[in-house]
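Q: Mind having a look at this structure? Questions to follow.
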Amino acid sequence: EAGVAQSPRYKIIEKRQSVAFWCNPISGHATLYWYQQILGQGPKLLIQFQNNGVVDDSQLPKDRFSAERLKGVDSTLKIQPAKLEDSAVYLCASSHGTGANEQFFGPGTRLTVL
Amino acid sequence: KNQVEQSPQSLIILEGKNCTLQCNYTVSPFSNLRWYKQDTGRGPVSLTIMTFSENTKSNGRYTATLDADTKQSSLHITASQLSDSASYICVVRITGANNLFFGTGTRLTVIP
């Protein structure tokens with residue numbers, strides 16, 4: 001089966017600019033996750049969707065980050081305005097359900113903020 | 001505080017040699033522990049999953065162990081290959097919740 005798709009793979013922007021990332025999960029996976037992975041660290045959960053509803057966004061910096069999954073399939077993550085410390089890899093993952101279900105990760109989008 | 005710590009932070013070994021990566025966790029209540037392999041520029045891929053009652057599980061040249069009493073896990077790689085060069089991340093899940101706790105990973109480099 002096709003894996004989790006993300007685009008773009010790389011993005012370079014200047015601080016205070018806006019940027020958006022796109023994720024297409026594995027077909028049939030109800031749960032979608034966005035993670036931020038800073039160089040040398042493990043991924044940090046930003047937001048989790050169950051279908052088109054938000055399950056957990058407690059670590060999402062809501063003053064500048066937003067995410068949506070309007071039709072319960074694809075998702076977009078937006079940063080507006082970007083800061084230097086937002087430079088990281090943004091990983092999207094999906095799973096069939098929640099709980100012990102394995103999360104399948106996409107290749108990530110590497111964001112560099114100058 | 002729920003934490004997952006991995007050691008060493010980085011490791012360089014010769015091709016063909018074995019190595020062991022360590023993961024200590026304080027996550028509770030424990031549900032399961034996964035080891036992920038993350039190649040450079042790629043997303044993490046699950047290698048093994050272990051529940052409370054499992055002590056060891058193998059996936060090819062990868063063998064994971066779990067000691068639920070001491071809250072330690074290890075990942076042993078046998079006869080390393082150049083393609084094993086990657087970051088290995090230990091991830092622990094809490095029972096009854098969606099929370100995953102990620103370690104910072106061990107960066108393994110296999111040299112010829």
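Q: Anything in segment A:10-31 that is assigned to a loop (DSSP other than H, G, I, E, B) and within 24 Å of A:Ser87 (Cβ to Cβ)? List them, or say none. Walk me through how you get there before you give the answer.
A: Within segment A:10-31, the subset assigned to a loop (DSSP other than H, G, I, E, B) is A:14-18, A:25-30.
Residues satisfying the conditions are A:Glu14, A:Lys15, A:Arg16, A:Gln17, A:Ser18.
Q: Let me ask something else about it. Within segment A:42-79, which residues are small (Gly, Ala, Ser) and either outside any loop (DSSP other than H, G, I, E, B) or within 10 Å of the chain's Cα centre (by Cα) (or both)?
A: Passing the criteria: A:Gly53, A:Ser66, A:Ala67, A:Ser75.
Q: Across segment A:105-114, what is the total count of residues that are at negative phi and at the interface with another protein chain (Cβ under 8 Å from one of its Cβ atoms)?
A: Going through segment A:105-114 one residue at a time, the tally reaches 4.
Q: Working carefully through the options A:Gly42, A:Gly97, find the one that is within 14 Å of another protein chain (Cβ to nearest Cβ), small (Gly, Ala, Ser), within 17 Å of B:Val91 (Cα to Cα) and open to solvent by less than 40 Å² (accessible area, probe 1.4 Å).
A: A:Gly42
Q: Right, B:Thr78: away from chain A (no Cβ under 13 Å), within 15 Å of the chain's Cα centre (by Cα) and modelled with pLDDT of 95 or more or not?
A: The answer is yes for B:Thr78.
Q: Mind listing just one residue for me: the one in segment B:1-24 that is open to solvent by 50 Å² or more (accessible area, probe 1.4 Å) and of a type in the set (A, V, I, L, M, F, W, C) and, of those, farthest from the other protein chains (Cβ to nearest Cβ)?
A: Filtering first and then ranking leaves B:Leu14.
Q: Another question, then. Can you tell me which of (1) among the polar types (S, T, N, Q); (2) within 8 Å of another protein chain (Cβ to nearest Cβ); (3) part of a strand (DSSP E or B) is the one B:Thr104 doesn't meet?
A: Going through (1) among the polar types (S, T, N, Q); (2) within 8 Å of another protein chain (Cβ to nearest Cβ); (3) part of a strand (DSSP E or B) one by one, B:Thr104 breaks only (3).
Q: Taking the condition within 12 Å of chain B (Cβ to nearest Cβ) and surrounded by fewer than 19 Cβ atoms within 10 Å (Cβ to Cβ), does A:Gln37 pass?
A: Answer is no for this residue.
Condition check ((1) over 17 Å from B:Pro44 (Cβ atoms); (2) hydrophobic (A, V, I, L, M, F, W, C)) across all residues:
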| residue | (1), (2) |
| --- | --- |
| A:Pro8 | yes, no |
| A:Trp22 | yes, yes |
| A:His29 | no, no |
| A:Tyr35 | no, no |
| A:Ser58 | yes, no |
| A:Glu68 | yes, no |
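Q: How many residues does segment B:25-59 hold that are without any contact (Cβ under 8 Å) to a residue 60 or more places away in the chain, among the polar types (S, T, N, Q) and open to solvent by 60 Å² or more (accessible area, probe 1.4 Å)? I'd like the intermediate steps shown before the answer.
A: Step one: list which residues in segment B:25-59 are without any contact (Cβ under 8 Å) to a residue 60 or more places away in the chain, which gives B:26, B:34-37, B:39-59.
So of that shortlist, the ones also among the polar types (S, T, N, Q) come out as B:26, B:40, B:46, B:48, B:51, B:53, B:55-56, B:58-59.
Among the residues that remain, those that are also open to solvent by 60 Å² or more (accessible area, probe 1.4 Å) are: B:26, B:40, B:53, B:55-56, B:58-59.
The qualifying residues number 7.
Q: Mind telling me which of the residues B:Thr70, B:Thr65 ends up being part of a loop (DSSP other than H, G, I, E, B) and under 19 Å from B:Gln6 (Cα atoms)?
A: When all the criteria are applied, what remains is B:Thr70.
Q: Counting only residues that are acidic (Asp, Glu) and exposed (fewer than 14 other Cβ atoms within 10 Å of the Cβ), which one in segment A:45-91 is nearest to the other protein chains (Cβ to nearest Cβ)?
A: Out of the qualifying residues, it is A:Glu85.
The values are calculated or read from the model by the stated rules, or taken from the named source; none is laboratory data. Given the structure is predicted, the values throughout are model-derived calculations rather than measurements. Glycine gets a Cβ as well: all are built from the backbone with ideal geometry, and neighbour counts include every protein chain shown. Quick note on the areas: whole protein, heavy atoms, side chains included, nothing else; ligands and nucleic acids left out. Shrake-Rupley method; radii C 1.70, N 1.55, O 1.52, S 1.80 Å.
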